[in-house]
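Chemist: Quick one: this structure, given as structure tokens, is what I'll be asking you about.
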Amino acid sequence: MRLAGRGYRRHFALALVSAALLSFQIALLQIVATSQWHHFAAFVISIALLGFGVAGTLLALARDWMVTRQDQLLPVLLCACAVALAGVLWLTRALFGGFDSLLLFVDPRELLRLVAVAWLLMLPFLCGALAIGLIFTAGTERIGSYYFANMLGSGFGCLLGLAGLSLLLPQQLPPLCALLTLAATGILLAGGHRCATHAGMLLGLVLAAAALLYPAQLPLSQYKDLSRILDLPGATIIAQHPAAAGQVHVVAAPGLRSAAGVSLNWSGPLPSTAAVFVNGDMVGSLPPEPGTDDPRDASTYALPYALDVPHAVLVLNAGTGTAVAQARALGAARVVAVESHGPLAEVLAASAPESFGRLLADPGVDWQTTAPRTWLARDRQSYDLVILPDVGGFGGNAGLFALHEQPLLTREALYQIWQKLTPQGMLAITAWVDYPVRNPARLMASLVEMLAAAGVSDPAAHIAAVRSWGTITFCIKRAPLTADEVERVRAFTARWAFDPALLPGLQTEERQTHNRLQDDTLFTLLDALFDERRTTFYNDYPFRIRPVSDDRPFFSQFLRWDRLGAMITLYGQRTLPFLESGLLVAGLAALVLVFLAALLILLPLTRLPSTGRHGWRTLLYFGGLGIGYMWTELALIHRFVFYLGQPVYAAALVMGVMLTCSAIGSALTGRLINLRPGRWTAVVAAALLLHALLLAPLLQATLSLPLPGRVTLALVALLPGAVVMGMPFPLGLRLLNCEQPAQVPWAWGINGCCSVVGAAMATLLAVEVGYSLLLVLAAGAYLVAVLSSVGRAAPARPQ
């Protein structure tokens, strides 16, 4: 009996499995960010795309065998995909739970463990991609409508995944994705009776139900903040809330104390306070209840209040509200708190009504839920004090945040903040002192460069910095520090046994009166950065400490590839991963993925007939499309994060619009006659170059629009280019099916494999050259595809 659904049924099944795979990918991003670190996001994307690349290779090697058995294989592959989706987290739990990314470069077993996890996580993508690729290969004459269903389903899956993360724990989403895939299987069967397929569907249903009722517990890296806190005696999770911006945990423990930068002279209690985590990373402790002594007042964080009592305070990335509570307790009449994680305030208010709840209800506190940079661009108020979030972590963070964008620490952001200050206003920011010195040095360089850009002739007269046993707080005043203010800083340091690190008229011996360092490197760096020849110093220092820009906002990326040999000599090969592991892990993953992609692209050539010039054309055309699409998507997401004010929703908008509009473009290819792939690919390249030149100024000029206006403008800016981006791939496949039909699955695999390379290299390129140039490089990838298709036309076919 033949499989029902040769027409619209395959389109519906294709849309459902595409939605399931993208939803699973989005859930996996948060699962891995919680279990390990956010820099594994590119790793997850690459795993998904590698599944498509492997599927293309298998199809190219066994095209005839699979096409002739497509009716039997399609439901089996979808059932296998559903089973893998439902059970993959249980399979990887033991492996991923013990994985230690810091040992990747010193223990080969960790690399083997990571490879094993990658292959297991790839199984759902491989099975689903085989089904999608088989439909494409067997129905190339209708590729426009099939590609439409594929991209439209992916766009729906993007929205579904983000909605699911807002309502469910991330580990509960994979079984729901399995149910979507089983629905696709049912549509394909349409009343057919196959015991094996039905048994597979039953197994998938059982596994999905079990995973929903008993979701796998996420294994946490031993280095994650949440993991370490849960090891404390009596630690209890008192609140857990799913959110697309990152799931929130609130943990209480009798021995949990908050004492960041607190003076050793503090004689009061260190009250037990719950800690708050987003995706396993600590964002702070709950503020103290009103009327209780706050140890934070005896920390370096209190430096700006020793100088003056501000009337209006702006707290950026307010987090748990500790800086807000301190400002109110020390006399600030009005505090504006800006935090981009929307559900965080609701969770904390419900978990701690006596502390955070009262703070949120305080009429002197204005809590704003938006991205801080968006608020800075749209807000018209001035402030006596602006407080930025902490930089670094206790003991350093081993480069784990090297690929984390920090838009508040760029040159442009600091200058925006400077413009917000009243004539006597101050900017305050605290960094953890690390060794080798990186965070305080780059922060100091950024502040000095900001003052130079603002026309300040003597930056040293505007900066006071105070150091405790572990933190250093910088306070930058818009007006020069007066003699009276300098004496207030000295009195503050004497009272709490701190040491002034920077202060007008400071003597060398004052810097290490109470808290001695192992050497004078920190002070040498701070002094050298005041010199007008600091650019030479940037070039000579073994780490990157040059200020970062909006185009390359990776403040915690200190690794310099050109100084890698010198650093290994200085600190030792085994020590280096513990200093700068983030970029090293990304670089290692990129090398492995490039090797695998090349292997998968070349392997089918052993079975394909002689390709000659057509082979190179196929490789360049579909490879250029895969790389260009990934680079475009990631660069545009970065652009719109600033514009829309919510990183998660900006990503959802860009991905959803690109996928949906690409689906529309694909559908349009079936309505036109004698389309030339090269012409439409050239249009895409031209559109990307226009985006690179005009998009940033356009968005900057319209930031003052209300949110509905900005969303509308974003749609208008994205729609035309996204529609055209959906045309080159189906047109290329249609043309290839006429010239070299045996190469169709190989081309699909090339596209997937090169997308793997694009995803793996995108962040590394953004770190090195910036997002603007990344968009230009994406246009270049499309131009490579144009050159490989000159003079070739794809005949239109009825859809």
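The values are calculated or read from the model by the stated rules, or taken from the named source; none is laboratory data. Note that the structure is a prediction, hence the values are computed from the model and not measured. Here the Cβ is made from the backbone with ideal geometry for all residues, glycine too, and neighbour counts use every protein chain on show. Protein only, heavy atoms only, side chains kept; ligands, DNA and RNA dropped before computing areas. Shrake-Rupley method; radii C 1.70, N 1.55, O 1.52, S 1.80 Å.
Chemist: When the residues of region 771-799 are narrowed to those that are in a loop (DSSP other than H, G, I, E, B) and open to solvent by 60 Å² or more (accessible area, probe 1.4 Å), which ends up modelled with the lowest pLDDT?
Modeler: Keep residues of region 771-799 that are in a loop (DSSP other than H, G, I, E, B), which gives 788-793, 795-799.
If we keep only those that are open to solvent by 60 Å² or more (accessible area, probe 1.4 Å) as well, we get 790-791, 797-798.
On the way: Val790: 52, Gly791: 48, Arg797: 51, Pro798: 44.
So, considering only residues that are in a loop (DSSP other than H, G, I, E, B) and open to solvent by 60 Å² or more (accessible area, probe 1.4 Å), the one modelled with the lowest pLDDT is Pro798.
Chemist: Considering only strands (runs of 3 or more DSSP E) fully contained in region 282-390, which possess at least 1 residues that are farther than 18 Å from Phe474 by Cβ and either aromatic (Phe, Trp, Tyr) or open to solvent by less than 40 Å² (accessible area, probe 1.4 Å) (or both)?
Modeler: 312-316, 334-338, 365-368
Chemist: A follow-up question, please. Six or more apart or on different chains, Cβ under 6 Å: which pairs go from a residue in region 61-90 that's modelled with pLDDT of 85 or more to one that's buried (at least 24 other Cβ atoms within 10 Å of the Cβ) and of a type in the set (Val, Ile, Thr)? Could you list them?
Modeler: Every condition considered, the pairs that remain are Pro75/Thr185; Leu78/Thr181; Leu78/Thr185; Cys79/Thr185; Cys81/Thr181; Ala82/Thr181.
Chemist: What's the total number of residues in region 631-643 that are among the aliphatic types (A, V, I, L, M) and either open to solvent by less than 20 Å² (accessible area, probe 1.4 Å) or at positive phi (or both)? Break it down stepwise before answering.
Modeler: Step one: list which residues in region 631-643 are among the aliphatic types (A, V, I, L, M), which gives 634-637, 641.
Subset that is either open to solvent by less than 20 Å² (accessible area, probe 1.4 Å) or at positive phi (or both): 635-636.
The qualifying residues number 2.
Chemist: I've got another one for you. Could you tell me which numbered condition Ala244 fails, if it satisfies all but one of (1) closer than 30 Å to Gly425 by Cβ; (2) crowded, with 20+ Cβ neighbours inside 10 Å; (3) of a type outside the set (Val, Ile, Thr)?
Modeler: (1)
Chemist: Separate question: Which residue is surrounded by the fewest Cβ atoms within 10 Å (Cβ to Cβ), if the candidates are limited to region 131-162 and must be within 14 Å of Ala20 (Cβ to Cβ) and of a type in the set (A, V, I, L, M)?
Modeler: Applying the filter and picking the extreme gives Leu159.
Chemist: Tell me which of these Pro728 doesn't satisfy, since it passes every other one: (1) buried (at least 24 other Cβ atoms within 10 Å of the Cβ); (2) more than 30 Å from Val648 (Cβ to Cβ).
Modeler: Among (1) buried (at least 24 other Cβ atoms within 10 Å of the Cβ); (2) more than 30 Å from Val648 (Cβ to Cβ), the lone unmet condition for Pro728 is (2).
Chemist: Any residue in region 474-503 that is at positive phi and in contact (Cβ under 8 Å) with a residue 40 or more places away in the chain sitting within a Cβ distance under 6 Å of a residue that is open to solvent by 20 Å² or more (accessible area, probe 1.4 Å) and of a type outside the set (Ser, Thr, Tyr)? List the pairs, counting only those 6 or more apart or interchain.
Modeler: These pairs meet every condition: Ala497/Leu264; Ala497/Asn265; Ala497/His514.
Chemist: What is the number of the single condition among (1) closer than 10 Å to Pro553 by Cα; (2) touching a strand residue (DSSP E or B) at 6+ places or on another chain (Cβ under 8 Å); (3) of a type in the set (A, V, I, L, M) that Leu403 does not meet?
Modeler: For Leu403, the exception is condition (2).
Chemist: In addition: Cβ contacts < 9 Å: first residue more than 20 Å from Tyr305 (Cβ to Cβ), restricted to region 359-385; second residue in a helix (DSSP H, G or I) and among the polar types (S, T, N, Q), any location; separation 6+ or different chain. Result?
Modeler: Arg373/Gln416; Leu376/Gln416; Leu376/Gln419; Ala377/Gln416; Ala377/Gln700
Chemist: Scan region 516-533 for residues that are buried (at least 19 other Cβ atoms within 10 Å of the Cβ) and either part of a loop (DSSP other than H, G, I, E, B) or modelled with pLDDT under 85 (or both) and jot them down.
Modeler: Leu529
Chemist: Considering each of Thr508, Thr473, Thr513 in turn, give the residue that is at pLDDT 95 or above and either crowded, with 23+ Cβ neighbours inside 10 Å or farther than 22 Å from Leu388 by Cα (or both).
Modeler: Testing whether each residue is at pLDDT 95 or above and either crowded, with 23+ Cβ neighbours inside 10 Å or farther than 22 Å from Leu388 by Cα (or both) leaves just Thr473.
Chemist: Taking the condition of being among the polar types (S, T, N, Q) and touching a Phe, Trp or Tyr at 6+ places or on another chain (Cβ under 9 Å), how many residues in region 764-790 meet it?
Modeler: Qualifying residue count, region 764-790: 2.
Chemist: Of these, Ser263, Ser299, Ser258, Ser272, which one is among the polar types (S, T, N, Q), modelled with pLDDT under 85 and more than 18 Å from Leu359 (Cβ to Cβ)?
Modeler: Of the residues listed, the single one that is among the polar types (S, T, N, Q), modelled with pLDDT under 85 and more than 18 Å from Leu359 (Cβ to Cβ) is Ser272.
Chemist: Can we say Val489 is open to solvent by less than 10 Å² (accessible area, probe 1.4 Å), in a helix (DSSP H, G or I) and closer than 21 Å to Pro310 by Cα?
Modeler: yes
Chemist: To continue, here is another question. Which one of these does Val433 not meet: (1) under 27 Å from the mean Cα position of the chain (by Cα); (2) within 26 Å of Asp540 (Cα to Cα); (3) of a type outside the set (Ser, Thr, Tyr); (4) open to solvent by less than 10 Å² (accessible area, probe 1.4 Å)?
Modeler: Answer for Val433: the failing condition is (4).
Chemist: Looking at Ala4, Ala41 in this structure, which one is surrounded by fewer than 23 Cβ atoms within 10 Å (Cβ to Cβ), assigned to a helix (DSSP H, G or I) and at pLDDT below 80?
Modeler: Working: Ala4 fails: assigned to a helix (DSSP H, G or I).
Answer to the check: Ala41.
Chemist: Checking Ser662 against (1) surrounded by 23 or more Cβ atoms within 10 Å (Cβ to Cβ); (2) modelled with pLDDT under 80; (3) small (Gly, Ala, Ser); (4) over 15 Å from the mean Cα position of the chain (by Cα), which single condition isn't satisfied?
Modeler: So the condition that Ser662 fails would be (2).
Chemist: Just checking, how many residues over region 276-318 are in contact with a strand residue (DSSP E or B) (Cβ under 7 Å, 6 or more places away or on another chain) and small (Gly, Ala, Ser)?
Modeler: 6
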